[in-house]
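Engineer: Below is one structure. I have some questions about it.
The values are calculated or read from the model by the stated rules, or taken from the named source; none is laboratory data. These numbers were taken from a predicted model, which means no experiment stands behind them. FYI the Cβ positions are ideal-geometry reconstructions off the backbone, even for glycines, and counts take in every protein chain you see.
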Amino acid sequence: MPGRGLRGAKFSELARRGADASGSWAVAAQFSNGLEIGTGMAETAPERREFRLNGVRPRTQAEVAEQLAAVWLTPQMDRLFTDTASGRRKFLDRLVVALEPSHAREIAAYESASVQRNRLLAESPDPAWLSGLEESMARHAVAATAARMALLNRLNATLAAGAAEPFPRVALGLACAIAQRLAASPAVEVEDSLRAAYHADRAQDAAAKSAARGPHRADFTLADAASGRPAALSSTGQQKAMLIGIVLGHAALITSARGTPPLLLLDEPLVHLDAERRAALFAALNAAPLCAWLTGTDRETFAGLEAACYTIRDGSIDAP
């Protein structure tokens, strides 16, 4: 998938260590439908990775994402509800990319134009150049926000239909001025108003060294659908149950929308779950048509899950 990986590790850190280490790495997979994918560290640039799709280098990462989706949950995400808005936006954008791979390009294009505008404002601004960057920012900001809104509408509908049961249903929202405008006005009008706002904000944005408006100012909101209680005010166990519900609902949405289920990657998913919810998760995974990978440090905690069990030790995987 696009991005820095589950833990944001440097690509050079993923290589095997020890006497037999080559200093590089690669991983590939062949699927039952004939699809072959692979990724590995670029030989000429250790901090860049390359992709292969059916043996050929694709033009963009999105071509790989269009063939296969992945949904994941890691312990770091347990802080999602109390983390910064930036962390919640990244989580939301990963959900969007799984269904709309082009969303990653929209976000990257907006950020690139925004960085260039900030740099130009700090120097001697060229009005024509600034206008061009603001045009790009407005266009990509509206496209990215519209994709976020579409995903949240579809995911809320999927969760309301019971896709995450017996885990608590979560009401998802987007606190975003652009989203509010898009809910009431055509996208073209919102682009025009945003472009004019960027022009009017040049002085204050130059002083702040950042744009006051845009998708980077949005926040992803979560609350218990039954009680309305914000996720940030819920207990740790309730928060983990909410997260798992979102992930299961998202997997169900991808399966329905794309016709094929995603890969489900759950890193230490049983932490903070009581016995009842642990059993509920196993039942959901046993019943769903998913290829799921779960990790943990205690084999006994996975009793009841119908799955093969592997042991990873010193860089080697022991088959069951």
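Engineer: Could you please tell me which pairs satisfy a Cβ distance under 9 Å, a separation of 6+ or placement on different chains, a first residue in the range 262-276 that is part of a strand (DSSP E or B), and a second residue that is of a type in the set (Lys, Arg) and at pLDDT below 90?
Structural biologist: Sorted first by the residue in the range 262-276, then by its partner, the pairs are ASP267/ARG7.
Engineer: Can you tell me which residues in the range 76-87 are out of contact with any Lys or Arg (no Cβ under 7 Å at 6 or more places or on another chain) and buried (at least 18 other Cβ atoms within 10 Å of the Cβ)?
Structural biologist: Once the filter is applied, which keeps residues that are out of contact with any Lys or Arg (no Cβ under 7 Å at 6 or more places or on another chain) and buried (at least 18 other Cβ atoms within 10 Å of the Cβ), the range 76-87 yields MET77, PHE81.
Engineer: In the range 96-116, is there at least one residue being touching a Lys or Arg at 6+ places or on another chain (Cβ under 7 Å) and assigned by TED's automatic domain parsing to the domain that holds SER193?
Structural biologist: Within the range 96-116, one or more residues are touching a Lys or Arg at 6+ places or on another chain (Cβ under 7 Å) and assigned by TED's automatic domain parsing to the domain that holds SER193.
Engineer: Continuing with the same structure: Looking at LEU68, LEU73, LEU99, which is the one that is surrounded by 16 or more Cβ atoms within 10 Å (Cβ to Cβ) and touching a Phe, Trp or Tyr at 6+ places or on another chain (Cβ under 9 Å)?
Structural biologist: Of LEU68, LEU73, LEU99, the one residue that is surrounded by 16 or more Cβ atoms within 10 Å (Cβ to Cβ) and touching a Phe, Trp or Tyr at 6+ places or on another chain (Cβ under 9 Å) is LEU68.
Engineer: Restrict the check to the range 192-209 and report whether at least one residue is outside any helix (DSSP H, G or I), small (Gly, Ala, Ser) and without any contact (Cβ under 8 Å) to a residue 24 or more places away in the chain.
Structural biologist: No.
Engineer: Of the residues GLY214, GLY237, GLY259, GLY245, only one is surrounded by fewer than 19 Cβ atoms within 10 Å (Cβ to Cβ) and touching a helix residue (DSSP H, G or I) at 6+ places or on another chain (Cβ under 9 Å); which?
Structural biologist: GLY237
Engineer: Another question, then. If I ask for residues that are small (Gly, Ala, Ser) and either without any contact (Cβ under 8 Å) to a residue 24 or more places away in the chain or assigned to a helix (DSSP H, G or I) (or both), which ones from the range 277-320 would you list?
Structural biologist: Within the range 277-320, ALA279, ALA280, ALA283, ALA284, ALA287, ALA303, ALA307, ALA308, SER316, ALA319 qualify.
Engineer: When you go through (1) free of Cβ contacts under 8 Å to residues at least 12 places away in the same chain; (2) under 23 Å from GLY296 (Cβ atoms) one by one for MET77, which number turns out not to apply?
Structural biologist: (1)
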